[in-house]
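Student: Would you mind keeping the following structure in view while I ask a few things?
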Amino acid sequence: MTVNEDSFTDWKKREEIAESMIPVIGRLHREQDVTVLLHSRSLVNKSVVSILKTHRFARQIAGEELSVTDTLPFLQALTALDLGPSQIDIGMLAATYTSDGRGLSVEEFTAEAVAGATGANKIERCEPRDVVLYGFGRIGRLVARLLMEKAGSGNGLRLRAIVVRGGSGRAGEDLVKRASLLRRDSIHGQFQGTITVDEANSTILANGNEIRVIYADDPASVDYTAYGIRRAILIDNTGKWRDREGLSKHLRPGIEKVVLTAPGKGDVPNIVHGVNHDTIKPDEQILSCASCTTNAIVPPLKAMADEYGVLRGHVETVHSFTNDQNLLDNYHSADRRGRSAPLNMVITETGAASAVAKALPGLTARITGSSIRVPVPDVSIAILNLQLARETTREEVLDYLRNVSLTSPLKRQIDFISAPDAVSSDFIGSRHASIVDAGATKAEGDNAILYLWYDNEFGYSCQVIRVVQYVSGVEYPTYPAPVT
């Protein structure tokens, strides 16, 4: 055969293997609440081509060959184990197995690596935790999509209700419009599943999950127990209330905790998952997930501070325009934001730099920040300019951050890309808080400049879900354990 014929035959073989993996991944997820990962990327509900592309992308990051032929044996080994709820990274299993050197079989190595999720050690599957969304805008609808995705195993988080202001038209029309916005998104594409509307009962049925739509203009007017909702986590996506007093209005019958998808004010804890989520007190009822930009810069800032020390820094964010700006020039209470968002670059303020102190109280370095809104609808970039406590090289910084993205406790927050022609639209749908652009990274002496892409809508929504999982007690451990 010719080289091209060999390549085609190999592709068809890998297609066949990926196809055989899909039902195994699905059964593990539905029956045992196990999420199969490949270098932190979920393989649940993925197509044949998506599984092959994920392997290829993971190979580019790790700098090593990784194929479905390598990972399939580890996936098969998982099916023989009595697994409890967990996340298992078959990419990491395959990578660590090749360097283990003890002569164990794949089955023996896998059983040892995931021992914490098996037999007497496994976590029992818990009852689904009720979730209520207060507000149904950009972040609210993406969080809803993620909650529908998490409901696939029948455990974990369960979206029970959405609270919105009363529409100006008929209630039925309002419900249909909101369901349509959930079904189709100009940036993030079609909802992966089915959505139907029950106008008579004011509910949206998404992938078999019944979601009640509640109309209310005041949080104090809602009794959630009337809808069968108990001990729920309420996610406030409106940003209307940002201090403890205002957010406390949500603590109504049926609601146990409130999570804000905007920076909190006063003594409201600002949480960046992966960095300080473990500081949340068990009895804390109100907390904030900070901003998308704070979530983008704090994890890599922590990583750099841990390894090199940071004396001072400045972050410049080039941010996509948002709904609080005007399409065309019109009055706005803030300076410059009244000018047309899709036609201008708009200098504005950012509170992300000052928010660093709340998420990283041990960092004494002064961090300043500024922002420019630009005419793209999604994905932003933060340029983090750091003065380090010791000298380094570009190669050392890149090797370190690559390893952080693969094996550290921050691997769900920090991604890494070395593609030479990457642009903002390539990162739409990224589930990481930030993505290090290797090609743009600069480092010389005690100065390092990191270019950090982030999907300020979807990546941030994933961070919100991680916080909600944590405070709900349904954030399951990952195996093999990250390197600390």
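Read the figures in this text as sums done on the coordinates, not as results from a lab. In this text the structure is predicted, and so the values were computed from the model without any measurement. With ideal geometry, Cβ positions are generated from the backbone for all residues, glycine too; neighbour counts draw on all protein chains shown.
Student: If exposed trypsin sites (Lys or Arg not before Pro) are those in a DSSP loop with at most 10 other Cβ within 10 Å, what is the longest stretch of the chain that has none?
Tutor: After excluding every exposed loop site, the longest remaining stretch is 171-484.
Student: Here is a follow-up. Would you mind estimating how fast the stretch 243-353 diffuses translationally, via Stokes-Einstein at 25 °C and 0.890 mPa s with the Kirkwood radius over Cα pairs, in µm²/s?
Tutor: Using the Kirkwood radius from Cα pairs, D works out to 148 µm²/s.
Student: Another one. Could you give the nm distance between label points at Asp217 and Ala115, where each point is 7 Å from its Cα heading toward the beta carbon?
Tutor: According to this spin-label approximation, the distance is 6.3 nm.
Student: Continuing with the same structure: Rounded, prolate or oblate: pick one for the stretch 129-262, where a ≥ b ≥ c are the square roots of the eigenvalues of its C-alpha gyration tensor, a/c under 1.5 means rounded, and failing that, prolate if a/b is larger than b/c, else oblate.
Tutor: rounded
Student: Positive end of the charge dipole of the stretch 152-302 (Lys, Arg +1 and Asp, Glu -1 on Cβ, about the Cα centre): tell me which of Pro282, Pro269, Pro299 has its Cα farthest that way.
Tutor: Positive-end residue among those listed: Pro299.
Student: I'd like the FRET efficiency for Ala481 and Asn323, computed as 1/(1 + (r/R0)^6) with the beta carbon distance as r and R0 of 35 Å, rounded to 0.05.
Tutor: Efficiency, from the Cβ-Cβ distance: 0.30.
Student: Here is a further query. Please name whichever of Ala341, Ser370, Thr478 sits farthest to the positive end of the charge dipole of the chain, dipole taken about the Cα centre and charges placed at Cβ: Lys and Arg +1, Asp and Glu -1.
Tutor: Ala341
Student: According to a simple spin-label model (label point 7 Å from Cα along Cα-to-Cβ), what is the distance in nm between Asp283 and Ser370?
Tutor: Simple spin-label model gives 4.6 nm for this pair.
Student: Sticking with this one: If I take every Cα pair under 8 Å that is 6 or more residues apart in the chain, average their sequence separation and divide by the length, what percent do I get for the relative contact order?
Tutor: Relative contact order, the chain: 13 percent.
Student: With the dipole of the chain worked out from charges on the C-beta (+1 for Lys and Arg, -1 for Asp and Glu) around the Cα centre, which of Gln387, Val468, Gly246 lies farthest toward the positive end?
Tutor: Projecting each Cα onto the dipole axis, the largest value belongs to Gly246.
Student: Would you mind telling me the antiparallel percentage of the DSSP bridges in the chain, rounded to 5?
Tutor: For the chain, the DSSP antiparallel bridge percentage is about 50.
Student: If the only charges are +1 at each Lys and Arg Cβ and -1 at each Asp and Glu Cβ, what is the size of the charge dipole of the stretch 175-304 around the Cα centre, to the nearest 20 debye?
Tutor: 220 debye
Student: Here is a further query. For the chain, what is the charge dipole size about the Cα centre, in debye to the nearest 20, if Lys and Arg each add +1 at the Cβ and Asp and Glu each add -1 at the Cβ?
Tutor: Value, rounded to 20: 1340 debye.
Student: When the Cα centres of the stretch 90-131 and the stretch 196-245 are compared, how far apart do they sit, in Å?
Tutor: Comparing the Cα centres of the stretch 90-131 and the stretch 196-245, I get a distance of 37 Å.
Student: Mean separation of Cα pairs under 8 Å and 6+ residues apart, divided by the residue count of the stretch 3-121: what relative contact order is that in percent?
Tutor: For the stretch 3-121, the relative contact order is 27 percent.
Student: Using only Cα atoms, figure out Rg for the stretch 348-484 and give it as a multiple of 2.2 N^0.38 Å.
Tutor: The value comes to 1.11.
Student: Taking the Cα-to-Cβ direction at Ser20 and at Lys177 and moving 7 Å from each Cα, how far apart do the two end points lie in nm?
Tutor: 5.2 nm
Student: Under 5 Å between amide hydrogens, which residues at least 5 positions from Ser371 or on another chain qualify, with H placed 1.01 Å from N in the peptide plane?
Tutor: Thr317, Thr348, Thr350
Student: Further question on the same structure: For a 27 Å ceiling on Cα separation, which of these pairs sit above it: Lys12/Lys122; Lys46/Lys302; Lys240/Lys302; Lys240/Lys281; Lys177/Lys265?
Tutor: The answer is Lys12/Lys122; Lys46/Lys302; Lys240/Lys302; Lys177/Lys265.
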